[in-house]
1. Run down 258, 207 and say which single residue is touching a residue at least 24 places away in the same chain (Cβ under 8 Å), more than 21 Å from residue 142 (Cβ to Cβ) and out of contact with any strand residue (DSSP E or B) (no Cβ under 6 Å at 6 or more places or on another chain).
2. One residue is enough: does region 224-242 have a residue meeting the conditions farther than 19 Å from residue 116 by Cβ and either in a helix (DSSP H, G or I) or open to solvent by less than 50 Å² (accessible area, probe 1.4 Å) (or both)?
3. Considering only region 76-97, state which residues are in contact (Cβ under 8 Å) with a residue 60 or more places away in the chain and of a type in the set (Lys, Arg).
4. How about region 68-96: which of its residues are open to solvent by 10 Å² or more (accessible area, probe 1.4 Å), more than 23 Å from residue 184 (Cα to Cα) and not in a loop (DSSP other than H, G, I, E, B)?
5. Conditions: (1) more than 11 Å from the chain's Cα centre (by Cα); (2) modelled with pLDDT of 95 or more; (3) open to solvent by 10 Å² or more (accessible area, probe 1.4 Å). Residue 140 meets all but one. Number of the miss?
6. Within the bounds of region 106-125, is there any residue that is among the polar types (S, T, N, Q), surrounded by fewer than 24 Cβ atoms within 10 Å (Cβ to Cβ) and part of a helix (DSSP H, G or I)?
7. What are the residues in region 88-111 that are modelled with pLDDT of 95 or more and in contact with a helix residue (DSSP H, G or I) (Cβ under 7 Å, 6 or more places away or on another chain), if any?
8. Scan region 98-112 and report the pairs whose first residue is under 28 Å from residue 211 (Cβ atoms) and whose second residue is open to solvent by 20 Å² or more (accessible area, probe 1.4 Å) and aromatic (Phe, Trp, Tyr), with Cβ atoms within less than 9 Å and a gap of 6+ or a chain change.
Amino acid sequence: MLVASRESETVRKLPQEAATPVTRLVQLPGRGVTRVWECAGPLDAPALMLIHGVTVTAELNWGKVFAPLSRHFRVVAMDLRGHGDGMRVGLRFRLEDCADDVAALAEVLAIGTFVAVGYSMGGMVAQLVYRRHASMVSGLVLCATARNVLGSPAEKLAALSLPSAAAAIRWNPLLQPVSAEILGMALLGPMDPATGTWARAQLRRTPLGTALAAVQAVCEFTSHSWISQVDVPTAVLVTTRDHVVPASRQRKLAEAIPGASVHEVDADHAVCITAPKVFAQVLLQACWSVTPGPLARPQSGNDLQ
């Protein structure tokens, strides 16, 4: 069900993007309203459900790769709950709820099966989409993500402080308007001025309290006990210079999934924003590797441009 509003019918142009996806607000029955970006792609093309990372929005995480992906796939991306124009978060941010939201959106859009493509936190959500809605998932592409992110004592100590920080912001009216800009930029790292301006504007759309609660959920996530049960084609995209999710953790994720292919990009965690052309080439290869049908395959070298 589409929400009838002037904003829901607008088409927003992304920075330096040749193709312009449609964006609208979509009602997920019994769950809430969220912003969705969509490119129709070729007739009968496989569907990709793109799932963004913590603090960012679908537009920031995926906006600069919509065009190359949409030449071969139907592409859908939503703002996760609490992020951007996503639905409101309840008393607790749960990755399981995000996974159920993705499945609910697929049902609303009449997408029977799809490849779940997740980035960072979104990669963990994608793993949960498979675990909770396996019949809907035809493949997985897991980017810059892991089975868990807690290892060292320092990481565990930092995680212990998150619940109290998130609660303090949630219950203090003076802190509630504070955005996730500073936290998000710390995770993303340096970028050129124009990209940085765009990124900051997007990050200001997510409340800091929600971002901290989402980081806490990421710290609590683990798929160690069940990720080996994945039985759909899977690709793991490894960001080899990642300062947020070490490449070693990403490779361990790939090793734990039977038959998973590994696709490396020599870049840091924010490559999807700071070097989208480089990211898009590797992402396309990863997506093609889990969609064996000819409809999604490149017809010439120009398809990688």
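The values are calculated or read from the model by the stated rules, or taken from the named source; none is laboratory data. Bear in mind the structure is a predicted one, so any value in this text is a computation, not a measurement. Cβ sites come from the backbone with ideal geometry, for glycine too, and all protein chains shown count toward neighbours. SASA here: full protein model, heavy atoms, side chains in, ligands and nucleic acids out. Shrake-Rupley method; radii C 1.70, N 1.55, O 1.52, S 1.80 Å.
1. Selected residue: 207, the only one of 258, 207 that is touching a residue at least 24 places away in the same chain (Cβ under 8 Å), more than 21 Å from residue 142 (Cβ to Cβ) and out of contact with any strand residue (DSSP E or B) (no Cβ under 6 Å at 6 or more places or on another chain).
2. Within region 224-242, one or more residues are farther than 19 Å from residue 116 by Cβ and either in a helix (DSSP H, G or I) or open to solvent by less than 50 Å² (accessible area, probe 1.4 Å) (or both).
3. 92, 94
4. 68, 70, 74 - these are the residues of region 68-96 that are open to solvent by 10 Å² or more (accessible area, probe 1.4 Å), more than 23 Å from residue 184 (Cα to Cα) and not in a loop (DSSP other than H, G, I, E, B).
5. (3)
6. no
7. Keep residues of region 88-111 that are modelled with pLDDT of 95 or more, which gives 94-111.
94, 95, 96, 98, 99, 100, 102, 103, 106 - these are the residues of region 88-111 that are modelled with pLDDT of 95 or more and in contact with a helix residue (DSSP H, G or I) (Cβ under 7 Å, 6 or more places away or on another chain).
8. Within 9 Å, the pairs are 99/130.
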